[in-house]
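Reading through the structure tokens given below for one structure.
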Amino acid sequence: MRKKDFIILIVPMLLAVSIAAFASGSGENEKETGVATITIWDFKYGDIDNVQPAMKKIDNQIMLENPGIKINHVAQPNDNYYQLVRAAVQAGDGPDIIMFHGGVQAYEFDDYTVELDKYIKPWREEISEYSWSFCSEGGDAKKPVHLVPLTIQGFGIYYNKAYFKKAGLDPDKAPSDYTSFMAACEKLKKAGIVPVTTGLQGNPYGIDFLIRCMVANIYGPNVKDLVTGKENFKDNQAFLKAVRIVKEIFDKDYIDPEGTSVPYFLDAINNFSAGKGAMFFGLISDVGHWKNFSDALGKENVGYFPTINFPEAKYKDIQVLQPCGIGFSIMKWSKNKDKAAKVIEGYARGEGNATWMSMTGALSPNKNLDINKLGYPLINQILKSTFASDFNTLLLNEDANQNMDRYLAQYYVSEEITEDKFITSFQKMLDNVREK
């Protein structure tokens with residue numbers, strides 16, 4: 001089945017009609033004023049406390065510099081965001097610009113987004129080709145770019161130094177290997193401190209992110225071979241050990257016992273910021289990151305390490321990296337593509353990009369930004385690590401992503417499946433990608 005046919009078939013007709021009615025007229029020229037209205041949809045603008053103020057500031061700056069542009073920024077809900085996008089695609093009408101997560105969610109819509117190479121040519125060198133290739137059609141560097149990256153993304157482990165000190169641990173020494181991590185958890189638990197606070201309700205992101213950190217250190221630069229068949233989950237003893245380490249963390253009650261009834265976004269993040277646990281499996285950008293935690297707990301009171309190292313893993317201290325966490329695409333139906341390109345450029349570089357990073361904490365892929373000016377030592381600690389790709393972005397379809405979290409929940413949270421079934425299911429995700 002062609003991708004276009006797939007998208008059309010899975011979207012409910014009534015939803016499509018309602019979105020089409022809402023989007024009708026988006027991007028049309030206002031003939032009387034000569035000003036083009038550029039409509040943006042995204043899943044970040046609804047964060048009225050953190051993200052929206054930054055976006056409003058950037059929008060105003062772009063409009064000030066481009067008098068012929070009026071930006072209509074529309075917040076869309078997280079929970080059914082891609083359903084709304086598919087509905088717009090089915091109707092063939094919608095906003096000029098749509099925000100996508102980098103990777104599979106963006107690739108799904110390559111047939112409906114504009115090739116951006118001519119627009120980014122004057123400033124392309126400001127962002128590495130590693131990011132541009134990830135934002136190209138299907139993630140193929142030889143094909144046109146369809147997405148302008150606004151952030152890079154990754155995962156790691158944050159810890160509260162005050163709680164470490166209270167438990168008799170060295171606050172300046174990260175427990176980054178298996179032995180010291182388990183010992184730290186035990187000391188924290190005995191001191192009456194929750195070792196790991198997280199959220200597992202709905203989607204088990206708390207353990208999802210940890211598994212992805214450990215996979216990066218098992219396969220290193222060979223992560224990409226998980227989908228070529230040169231590497232596997234099922235026959236890899238290091239992957240088995242990683243699965244068992246995470247299970248041990250659960251079995252020893254080092255995970256917050258209330259975590260199963262707490263959503264990761266944003267409840268668990270806020271819980272760690274409020275001092276309700278000693279460690280947190282978090283993100284390095286967008287939300288639940290260095291800025292959130294440093295602002296809440298103190299810049300000198302937050303430690304970080306990229307993974308739990310263990311002997312069976314071939315690599316050590318590898319930082320998981322997605323070369324695009326989120327980005328903007330221009331839709332083919334836009335009547336003002338040139339002006340829409342000015343808007344996304346305003347977000348991706350210069351003053352707009354600096355505002356985006358300083359106000360939200362989203363790490364930018366733009367090499368021209370001076371991160372030292374932000375005054376957060378933790379950023380350099382995160383970025384000094386050697387990077388490896390996030391295997392999850394290689395699954396190439398949203399169903400696989402959803403299945404991954406389902407398997408994690410079934411094994412670790414509800415204990416519905418065995419260890420063997422869990423590993424077999426993970427392997428099947430890779431096999432399905434190869435078959436397609």
Nitroxide proxy distance, nm - points 7 Å out along Cα→Cβ at residue 260 and residue 129: 5.0 nm
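For the chain, report the % of Cα-Cα distances exceeding 36 Å.
Values: 25661 of 94830 pairs.
Summing the P(r) tail past 36 Å for the chain gives 27 percent.
How much FRET efficiency would the formula 1/(1 + (r/R0)^6) give for residue 374 and residue 230, where r is the Cβ-Cβ distance and R0 is 41 Å, rounded to 0.05?
Details: r = 40 Å, r/R0 = 0.97.
Calculated value: 0.55.
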How large is Rg/Rh for segment 222-342, to two decimals, with Cα atoms and a Kirkwood Rh? 1.07
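Could you line up 223, 35 from fewest to most neighbouring Cβ atoms inside 10 Å? Could you put the intermediate results ahead of the total?
Values: 223 23, 35 16.
Ascending Cβ contact count within 10 Å gives the list 35, 223.
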Gain upon complete extension [residue 244, residue 118; 0.36 nm per residue less C-alpha separation]: 40.5 nm
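If you take the square roots of the eigenvalues of the alpha-carbon gyration tensor of segment 284-435 and sort them as a ≥ b ≥ c, do you get rounded (a/c under 1.5), prolate (a/b over b/c) or oblate? Walk me through the intermediate numbers first.
Details: a/c = 2.32, a/b = 1.29, b/c = 1.79.
Verdict is oblate for segment 284-435.
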Taking a temperature of 20 °C and a viscosity of 1.002 mPa s, what whole-number D in µm²/s does Stokes-Einstein yield for segment 326-409 with Rh from Kirkwood over alpha carbon pairs? 133 µm²/s
Whose amide H sits under 5 Å from the amide H of residue 45, counting only residues 5 or more places off or on another chain, with H placed in the peptide plane? 76
In nm, to one decimal, how far is the modelled label at residue 49 from the one at residue 252, with both set 7 Å along Cα→Cβ? 3.3 nm
Taking 22 Å as R0, compute the FRET efficiency from the Cβ-Cβ separation of residue 180 and residue 383 and round it to 0.05. 0.40
Can you put 169, 200 in order of Cβ neighbours within 10 angstrom, beginning with the fewest? 169, 200
Kirkwood Rh over alpha-carbon pairs of segment 129-199, then Stokes-Einstein at 20 °C and 1.002 mPa s: what D in µm² s⁻¹, rounded to an integer? 141 µm²/s
How many nm separate the modelled label positions at residue 191 and residue 405, each set 7 Å beyond the Cα in the direction of the Cβ? 3.3 nm
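Bear in mind these aren't lab numbers, they're just calculated from the coordinates by the rules spelled out. What you are looking at is a predicted structure, and each value in this text was computed from that prediction instead of being measured. Reconstructed Cβ throughout: ideal geometry from the backbone, glycine too, with neighbour counts over all protein chains shown.
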